[in-house]
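Quick notes on the structure that follows.
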Amino acid sequence: MADNTTTPHPATRAVTRSVARLEIAVGEDYEQFRARYEQAVPPLDHQRTFDLVTERAPWSAVLDLADENAPLGFMIYWKFDAQPLFGLADHHARCTEYLMGNHTIAERMYRHDAGALLYAPLRTTIHESPSGATLFAIDRPSDTVTALGRSEITEVGHELDRKVGALLRHLAVPVPDELR
């Protein structure tokens, strides 16, 4: 006789952790920096990615496309220019929010815990401070993924810290110690 019992879903788990929110003054006009950022971090080629999935292409083809599409290691999955909407409430500060990442890097976390996708892609903003300075903001990637408690995932988080630092260097923006 077969055992038809099921294993219940694990109990809810709450993990408290500290996350460094990094806000870096870019020393440049908002629109100029946003344009340079979007040139350095191009949009995901959704059609070619969809085609690879449809074709059930080998993972090596996905890796090749990511290398081709993301020369600095990151691509934009989604962006939202918030000011037009919040302007309706008479707010004038400009802000663009992004989901930026690389699914080939995320896969190296996903293989250990699919829940890592809560933190990938990375969420960033380019926004104006109350004083009008243009800021780039991000939560330090390694801080977010440590909640998963897997050293293999945390190592990828540290790699992402360094990759974000390299992106900032490419953009001629000061790199905080947290991203070195």
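Bear in mind that the values in this text are calculations on the coordinates, not laboratory data. Because the structure is a prediction, the values reported are computed rather than measured. Positions of Cβ are backbone-derived with ideal geometry, glycine not excepted, and every protein chain shown enters the neighbour counts.
Here are the numbers for the structure shown:
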item	result
Only listed residue being under 18 Å from the mean Cα position of the chain (by Cα) and charged (D, E, K, R), chosen from 128, 55, 107	107
Test for residue 109: is it out of contact with any Cys (no Cβ under 7 Å at 6 or more places or on another chain), assigned to a helix (DSSP H, G or I) and not aromatic (Phe, Trp, Tyr)	yes
Qualifying residues in the range 77-104 (those that are polar (S, T, N, Q) and farther than 17 Å from residue 33 by Cα) - the one farthest from the chain's Cα centre (by Cα)	104
Which listed residue is farther than 30 Å from residue 177 by Cβ and crowded, with 18+ Cβ neighbours inside 10 Å, from 122, 52, 65, 85	65
